[in-house]
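Before any comments, here is the structure.
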Amino acid sequence: MSKVKILSERSPESSVKWSQCGAGRIPMGVADMDFKMDERIISHLQKFTEAGDFGYSTYQAYESAVTAWMKKRYDWDVPHEWITFCPGTLSGIAILINMLSEKGDAVMIFSPVYNRFFDIIRYNGRKTVECELINNDRRYEIDFQDMEEKIAAEKVKVLILSSPHNPVCRIWSIEEQRRITEICRKHSVIIISDEIHADLTLPGHVHSPFLKNNMDYAESIIVTTSPSKAFNMPGLYMANFIIPDESIRKSYLASIWSHPNLFGAEALKKAYEDCEDWLEDAVSYIAENYDFLENFISVNIPGVKLIRPEATYLAWLDCRSLDLTQKELMELFLERAGLYVSSGTDYGDCGRGYIRMNIACSRETLERAVTQLMSATESLPSI
């Protein structure tokens, strides 16, 4: 029996995902799951609270839990001292950008990509350099020639990699990772690999940590991970930064000057130590949602194509065959279908004609959503 339980009610007063969508719309935008956190984590936090010990902690158990998870999940022996904490992936990446580059320097991203990457580059006075991914028969690929030409021309200092990639659902192969490293080493580019969705790798696919496969360039690679997406605890603000280079690590720690909050550290520890079976059930549920979504739209909404997912619960929909402007496309989803989704252009101009839709919801909700979308598209000209 599945350990995943659906959150039947989520308050608009406390949930960003549900507060943004407005009355009558199905919330399928913000990247958290409508799954109740594992009961064992909830029970553990209740017992921890009842014990009443909220003094300063050594946090050794937190660090040990992270290294043990990396070994169990990815067969990767991460040195204990490489583990550092951050209350959120974005704030940590922002700190690193400021440490590793100067104002006006270029930072590369593979677009379409998580919209907040654009924000933290711009807000910190750096120049965004986009290397557009290529959609090759519903599977995105890196244009390595374009990547290297732009790195050389723009004198790129830092590459922010989304791995697995949000929103195109790709897991970068070991060969692709090594090609990225080869180019970055040639041009002295530091790589920040954001692997927050790694634990949500779908059946039939394998994620391998970027740093594990490129140890010969370890001094210039930083990996970020977190239990927040996989175990649905983003509100506890826990992220792990794996930083091999001692000088970068010391500067980072001096800049952040923070420790994990007790509840977040305890939740992480319990999740990593005892709740992998819950995660596997959640991933299976998401995979079944993907199967249902792909089958439904292929039969009933032929103008929409699902990009073949390898990880995450964020479906990337190719709607270009509907022949709508992005404004018209968003109107179709938001107003006619009543679905609060994310516009593809949030992730770069190359996302025009696409929609990102969060399918970490009940099957009933997903069925209702695609049925409403089908009805909304029936009034469109035949494709």
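The values are calculated or read from the model by the stated rules, or taken from the named source; none is laboratory data. Computed from a predicted model, the values in this text were never measured in an experiment. No Cβ is skipped: glycine too gets one built from the backbone with ideal geometry, and neighbour counts run over all protein chains shown.
Within the stretch 333-356, track down each residue that is buried (at least 17 other Cβ atoms within 10 Å of the Cβ) and touching a Gly at 6+ places or on another chain (Cβ under 8 Å).
Those that are buried (at least 17 other Cβ atoms within 10 Å of the Cβ) and touching a Gly at 6+ places or on another chain (Cβ under 8 Å): Gly338, Tyr340, Val341, Ser342, Ser343, Gly344, Thr345, Gly351, Gly353, Tyr354, Ile355, Arg356.
Out of Phe144, Phe118, Phe210, report the one residue that is surrounded by 21 or more Cβ atoms within 10 Å (Cβ to Cβ) and either under 21 Å from the mean Cα position of the chain (by Cα) or closer than 30 Å to Cys319 by Cβ (or both). First the steps, then the outcome.
Values: Phe144 fails: surrounded by 21 or more Cβ atoms within 10 Å (Cβ to Cβ); Phe118 fails: surrounded by 21 or more Cβ atoms within 10 Å (Cβ to Cβ).
Matching residue, one of Phe144, Phe118, Phe210: Phe210.
Looking at this structure, is Ile171 β-branched (Val, Ile, Thr) and surrounded by fewer than 24 Cβ atoms within 10 Å (Cβ to Cβ)? Spell out how you get there, then give the answer.
Values: β-branched (Val, Ile, Thr): yes; surrounded by fewer than 24 Cβ atoms within 10 Å (Cβ to Cβ): yes.
Yes, satisfied.
Please determine, by comparing only the residues of the stretch 224-239 that are part of a loop (DSSP other than H, G, I, E, B) and small (Gly, Ala, Ser), which one is nearest to Ile160 (Cα to Cα). It would help to see each step written out before you state the result.
Going through the stretch 224-239, the residues part of a loop (DSSP other than H, G, I, E, B) turn out to be 226-233, 237-238.
Okay, now just the ones that are also small (Gly, Ala, Ser), so 226, 228, 230.
Working: Ser226: 16, Ser228: 19, Ala230: 21 Å.
Among residues in the stretch 224-239 that are part of a loop (DSSP other than H, G, I, E, B) and small (Gly, Ala, Ser), the one nearest to Ile160 (Cα to Cα) is Ser226.
Would you check if Lys150 is in contact with a helix residue (DSSP H, G or I) (Cβ under 7 Å, 6 or more places away or on another chain), assigned by TED's automatic domain parsing to the domain that holds Cys86 and among the basic types (Lys, Arg)? Lay out the reasoning, then the answer.
On the way: in contact with a helix residue (DSSP H, G or I) (Cβ under 7 Å, 6 or more places away or on another chain): no; assigned by TED's automatic domain parsing to the domain that holds Cys86: yes; among the basic types (Lys, Arg): yes.
Judged against the criteria, Lys150 is not a match.
Looking only at the stretch 281-340, count every residue that is closer than 15 Å to His205 by Cβ, touching a residue at least 40 places away in the same chain (Cβ under 8 Å) and of a type in the set (D, E, K, R) and tell me the total.
Counting residues in the stretch 281-340 that are closer than 15 Å to His205 by Cβ, touching a residue at least 40 places away in the same chain (Cβ under 8 Å) and of a type in the set (D, E, K, R) gives 2.
Can you confirm whether Phe85 is among the aromatic types (Phe, Trp, Tyr), closer than 14 Å to Leu159 by Cα and crowded, with 16+ Cβ neighbours inside 10 Å? Write out each step before concluding.
Working: among the aromatic types (Phe, Trp, Tyr): yes; closer than 14 Å to Leu159 by Cα: no; crowded, with 16+ Cβ neighbours inside 10 Å: yes.
Here the answer is no, as Phe85 does not meet what is asked.
Could you grab me the full set of residues in the stretch 37-73 that are surrounded by 12 or more Cβ atoms within 10 Å (Cβ to Cβ), in contact with a Leu (Cβ under 8 Å, 6 or more places away or on another chain) and in a loop (DSSP other than H, G, I, E, B)?
Ser57
Working only within the stretch 153-181, note down all residues that are free of Cβ contacts under 8 Å to residues at least 60 places away in the same chain and in contact with a helix residue (DSSP H, G or I) (Cβ under 9 Å, 6 or more places away or on another chain).
Val156, Lys157, Leu159, Leu161, Ser162, Ser163, Trp172, Glu176, Arg179, Ile180, Thr181
Give the residue that is farthest from His207 (Cα to Cα), with candidates limited to residues of the stretch 238-251 that are touching a residue at least 60 places away in the same chain (Cβ under 8 Å) and in contact with a helix residue (DSSP H, G or I) (Cβ under 6 Å, 6 or more places away or on another chain).
Ser251
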